[in-house]
2 protein chains.
Amino acid sequence: MTTLAAIKAAAARMEGHVRRTPLLYAPLLDRLAGRRVLVKAECLQVTGSFKARGGWAAVSALPPGAGVLAMSSGNHAQGVAFAAAAHGVPAVILMPSDAPAVKIANTRAYGAEVVLYDRATEDRDALAARLSEKRGLTLVPPFDHPEVIAGQGTVGLEIADQAGVDRADVLVPCGGGGLSTGVAVALAAKAPGLRVRTVEPVGFDDMARSLAAGEALRNPATTGSVCDAILTPSPGKLTLPVLQGLAGPGLAVTDEQALQAVALAFTHLRVVAEPGGAVALAAALFAPDLGDTVICVLSGGNVDPGLFAETLARFG
Amino acid sequence: MTTLAAIKAAAARMEGHVRRTPLLYAPLLDRLAGRRVLVKAECLQVTGSFKARGGWAAVSALPPGAGVLAMSSGNHAQGVAFAAAAHGVPAVILMPSDAPAVKIANTRAYGAEVVLYDRATEDRDALAARLSEKRGLTLVPPFDHPEVIAGQGTVGLEIADQAGVDRADVLVPCGGGGLSTGVAVALAAKAPGLRVRTVEPVGFDDMARSLAAGEALRNPATTGSVCDAILTPSPGKLTLPVLQGLAGPGLAVTDEQALQAVALAFTHLRVVAEPGGAVALAAALFAPDLGDTVICVLSGGNVDPGLFAETLARFG
């Protein structure tokens, strides 16, 4: 169970390595949304997503010299690769061969060894177990890990400090729920009027359905949305119970709404968002029944230039 | 003559309205540049460029209720329109009819009245004089004005505070020189080891040539570069003398280099830069004979989506 103390300890270890990101806003965006929208721009984080936080927290908590292994479609890969390089330890990253090219290239550029596998035909977990044993590597899971959750929770500490409002929904893009959980723990302690609500793509809203049902439910598929960063089969074992206690009802947005949010972030905030990173902004813009002020985490900006250009052509 | 005291006073008046922008960096960008590159991301400023600072400084220094007039291809227009709206005073903005559509649309969205004119056939200054007299508006010039320069100088105050290095070149995109001058005055007082160097498009490097010649020289043309934000005919009367005393030799980059910088800012910093705003980053990446660490101002991010998409297709 991740505590405020663990989140503060992770924040202290990150100091000078991981960035305190700004809380952005734009008058013209507020007008479109019909509410005040504060955007925690984690796309400006050092590896282009909040995953640098969890990666740093996990790697910095290991015994010195321990090599690491991670499985990721891209943002966690870069977070772990960045942290491992800075700590001078080897990193092997298992990535699906259909991950965005920019994410594979950047993971390699941080100095990690990338092992590609075929999502359809290969068993990722078996592959990981073999590699881990053979090479003596410690697995850094993408979300179901106390130090990873503590690292992501530092986003919540910063929001509590930056928000300037006592009461608001805090919309968080949600895959396995590591970011949502860390933020929820930090806010419950530091700013209890700020309540986390997860945001997922329609059809991949396992967390929203699990929160509503009171038990872990699975998605029918993990491919078929442009929001590659947040397509997980089911909530984490550590994350769902915490969010059941601390989060409001989950939200879901369409791919089309996520892409519109990418285009609006371009025009009005001048930041680069990836579709999965923009789902909370999409909810802030398009979901009914939200309050006068919402805070949303824009969780990442690692997007292939071709998809981004296409999105601007459609919605820009 | 703009002083440190005037810059500090402008900073105090802006508090809570104009954003303290982050100083970004990216390990992979440093590697490409072969040096440490710190990027002052003014594209994240509230109107998408540093011009919100000068606009706010000038409008907030006027007697309450005074309407304003500005001439601008876009970023100064938005800065003045934003400041005027927040102060509840009318703003009329003269814009060339070939200004980027996004800049015209945003200027109108801030509530300003936009008057378009034809660069080739109409006399902008005569038009402005007529409007100013008829409507009782005070002209806010884009750069040759002490309060405007003081406002832009707040970028320099923040750089002095954020840089973490004692000695570096500070590369600044330069049109008429308001930003370069304000930053130079602030840095000379607060961080004298940080030296401003102007950056302009090749063929529009009036400031670099004027600094080298010791007298004001003109550009042969003010159209023909993609860097629309910084195409001015000649240095300002207030700016050149200050930069002669405080700035190093001016630099120039090609349009192609500016566009490459736009694409690299997309990939590695996840910010949206406009070509004219990216010339200092281009110099940081491509100019020879710079030191181990450079600071560059990324001065704006108001770019038409079509041009941005095209840039990603060519260089992304």
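The values are calculated or read from the model by the stated rules, or taken from the named source; none is laboratory data. All values reported here derive from a predicted model rather than from experimental measurement. Because the Cβ atoms are built from the backbone with ideal geometry, glycine has one as well, and the counts that use them run over all protein chains shown.
All told, B:VAL114 meets the bar of being more than 14 Å from chain A (Cβ to nearest Cβ), farther than 30 Å from B:LEU171 by Cα and crowded, with 17+ Cβ neighbours inside 10 Å. Answer yes or no: is there a residue in the stretch B:182-189 that is at pLDDT 95 or above, farther than 28 Å from A:LEU44 by Cα and either surrounded by fewer than 20 Cβ atoms within 10 Å (Cβ to Cβ) or within 15 Å of the chain's Cα centre (by Cα) (or both). Yes, there is a match, as at least one residue in the stretch B:182-189 is at pLDDT 95 or above, farther than 28 Å from A:LEU44 by Cα and either surrounded by fewer than 20 Cβ atoms within 10 Å (Cβ to Cβ) or within 15 Å of the chain's Cα centre (by Cα) (or both). Just one of the listed residues (A:ALA278, A:ALA287) is within 14 Å of chain B (Cβ to nearest Cβ) and of a type in the set (A, V, I, L, M, F, W, C), and it is A:ALA278. Residues in the stretch B:65-111 that are charged (D, E, K, R) and surrounded by fewer than 24 Cβ atoms within 10 Å (Cβ to Cβ): B:ASP98, B:ARG108. Listed by position, the strands (runs of 3 or more DSSP E) contained in the stretch A:28-110 that have at least 2 residues being in the same structural domain as A:LEU171 (by TED's automatic domain parsing), out of contact with any strand residue (DSSP E or B) (no Cβ under 9 Å at 6 or more places or on another chain) and in contact (Cβ under 8 Å) with a residue 12 or more places away in the chain form an empty set.
Of the residues making up the stretch A:238-258, those that are buried (at least 24 other Cβ atoms within 10 Å of the Cβ) and either closer than 22 Å to A:THR47 by Cα or in contact with a Phe, Trp or Tyr (Cβ under 9 Å, 6 or more places away or on another chain) (or both) are A:THR239, A:VAL253, A:ALA258.
Test B:ALA70 against the criterion of being modelled with pLDDT of 95 or more and either farther than 24 Å from B:VAL115 by Cβ or within 11 Å of chain A (Cβ to nearest Cβ) (or both), and give yes or no. If you could, list the steps in order and put the result at the bottom.
Values: modelled with pLDDT of 95 or more: yes; either farther than 24 Å from B:VAL115 by Cβ or within 11 Å of chain A (Cβ to nearest Cβ) (or both): no.
Judged against the criteria, B:ALA70 is not a match.
Among the residues of the stretch A:22-40, the one identified as at the interface with another protein chain (Cβ under 7 Å from one of its Cβ atoms) and in contact with a Pro (Cβ under 9 Å, 6 or more places away or on another chain) is A:PRO22. Out of B:GLY301, B:GLY236, one residue alone is small (Gly, Ala, Ser) and under 19 Å from A:GLY316 (Cβ atoms). It is B:GLY301.
Taking the numbered list (1) assigned to a helix (DSSP H, G or I); (2) touching a Lys or Arg at 6+ places or on another chain (Cβ under 8 Å) in turn, B:LEU131 passes all entries but (2).
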